[in-house]
1. Expressed in nm to one decimal, what extension gain is obtained for the pair A:L8 and A:L23 from 0.36 nm per residue of sequence separation less their Cα-Cα distance?
2. Given B:S33, B:L109, B:S23, which one lies farthest toward the positive end of the charge dipole of chain B, if we put +1 on the Cβ of every Lys and Arg and -1 on the Cβ of every Asp and Glu?
3. Using the Cα centre of chain A as the reference point, and only Cβ charges (+1 on K/R, -1 on D/E), how large is the resulting charge dipole? Debye, rounded to the nearest 20.
4. Show A:L34, A:L159 ordered by accessible area, largest first, where the area counts protein heavy atoms only and the probe is 1.4 Å.
5. Filter the DSSP H helices in chain A by two things, a Kyte-Doolittle mean of at least 0.5 and an axial alpha-carbon span of 27 angstrom or more, and list the hits by number.
6. Around A:D156, under 15 Å between beta carbons, what's the net of Lys plus Arg minus Asp minus Glu among the other residues?
7. Divide by every residue of chain A the summed helix terms, -39500 (n - 2.57) for each DSSP H run of at least 4, and state the resulting mean residue ellipticity at 222 nm, rounded to the nearest 500 deg cm²/dmol.
8. Using the Cβ atoms and a cut-off under 13 Å, what net charge is assigned to the surroundings of A:I66, where Lys and Arg are +1 and Asp and Glu are -1?
Amino acid sequence: MSFWDVTLSLLDGLVTTGQLFALTLLFALPLGLLICLGSMTRFTPLRWLVRTVVWIIRGSPLMLQILIVFYGPGLLFGLKPLPRFTAALITFVINYACYFSEIYRGGIQSIPRGQYEAGQVLGMSRPQVFFRVVLLQLIKQIVPPMGNELITLVKDTALARVISVYEIIWAGETLIKKGLIWPLFYTAVFYLAFNGILTLLLNWAEKKLSYFHS
Amino acid sequence: MPVLEVRDIHKRFGRTEVLKGISFSMEQSQILSIIGSSGSGKTTLLRCITQLEQADRGRILVEGKPVFDAAEAPNLTKAEKRDRQLNFGLVFQSFNLFPQYNVLDNVTLALRLQAKRRPDYAAKKAAILQEIDAEARSLIESVGLSEKLKNYPCELSGGQQQRVAIARALAMNPRILCFDEPTSALDPELTGEVLAVIKALGQRNMTMIIVTHEMAFAREVSDQVLFMDSGVVCEQGPPDQVIDHPTHPRLREFLRNFSK
């Protein structure tokens, strides 16, 4: 197999990696906000329930969670397993939404109360204060920790291979059976490129927001 | 008729009774300074007047019309509360400018949002926004910051930020402008410029309530001084009486600590 053939076959895996990454973001970003609101609600039973779930999800290995989502329904209830990609995606969405919720919470709590009060005494409604005053400050606060999570997510997609999702590491491993070791290590180049682009985007966003300081 | 009447305001946080029945009134164009040591309840009183806190008991009237009544406060709609709150402007100790907006936008933001509620907004949008812009520019000029229109708060000194905050509060055209220790967060050399702006407002007949530790300033500009201690008004009157000839022992002690 030529270098070119190997690259093409790894790119095939990279597409799945990219899909897993993009779809996880698409669903986990809003779900995280919902979990965040739950973990901050004044309704104590819900708050403790949400915080317990967040503790369980953040406190246990993502790899085990993938296995549970994929094999659990069959082992416990005799149900047909979900499609592999779907099972991996659901796990990633739940797992990352929990991390995101904590980042949101930190961001929300970092906005000084005086910002809300200043808006209030100027006659703004609560939604106006949130969208016109708080939101951009919140985004500025969460870009750096979010960047960390996004970069981790790119690499965590590799865990999907425990249920044989054909992502890029799995693509590299299948080539081992054809007697080629080096493609597995070559996959690192793709991760580095992916995260390189991501880092550039994050730096751009940070720079865009650097014109003000809270 | 007094422009502001505060009647029997009570406020407690948990078990601590911070305000134990505060009453006072003030006339149009008067300047009232509230003095007292930390924890005496003066900031809480100001927050109850500007309705950032809801008093547990009592009433507040502006020009004879109730703007707060503890008995009916829970029944008001948000819009009604907002309209009543707009009788008051508030300048904070920590400025609380909106960091992502420049000076001009800080002053115009609330006005622009308010204008959207006008029935003729769609028809006259351009003219309304131009009017708001002109209004804001002249207010910023009046606090001496015309050169900083496009600057962001982080590019200004504390004194300049506080002057923007004053212009921002004035933009809403409040009946009564309140200051919560407006110079406490400033370096001593920057307090003068803020106090000068407040003084100039007094000369233009703005009705103002100032919670302050600046005793010399309070004596100079106030029509009335109100001394608070442990949630009650201990002594009240013109500054030459309250500050120069105090009668209450707590006030004497307070002023003695100041002159040290």
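1. Going from the current span to full extension adds 3.1 nm.
2. The Cα lying farthest towards the positive end belongs to B:L109.
3. Magnitude of the dipole: close to 600 debye.
4. Descending order: A:L34, A:L159.
5. Going by DSSP H runs, the hits are A:3-40, A:84-110, A:135-156, A:182-208.
6. For residues surrounding A:D156, the net value is +1.
7. Result for chain A: -26500 deg cm²/dmol, rounded to the nearest 500.
8. Residues near A:I66 contribute 0 overall.
The values are calculated or read from the model by the stated rules, or taken from the named source; none is laboratory data. Worth saying up front: this structure is predicted, and the values here are computed from it rather than measured. Cβ coordinates were reconstructed from backbone atoms using ideal geometry, including for glycine residues, and neighbour counts include every protein chain displayed. Each accessible area value is taken on the protein alone, full model and side chains, heavy atoms only, with ligands, DNA and RNA left out. Shrake-Rupley method; radii C 1.70, N 1.55, O 1.52, S 1.80 Å.
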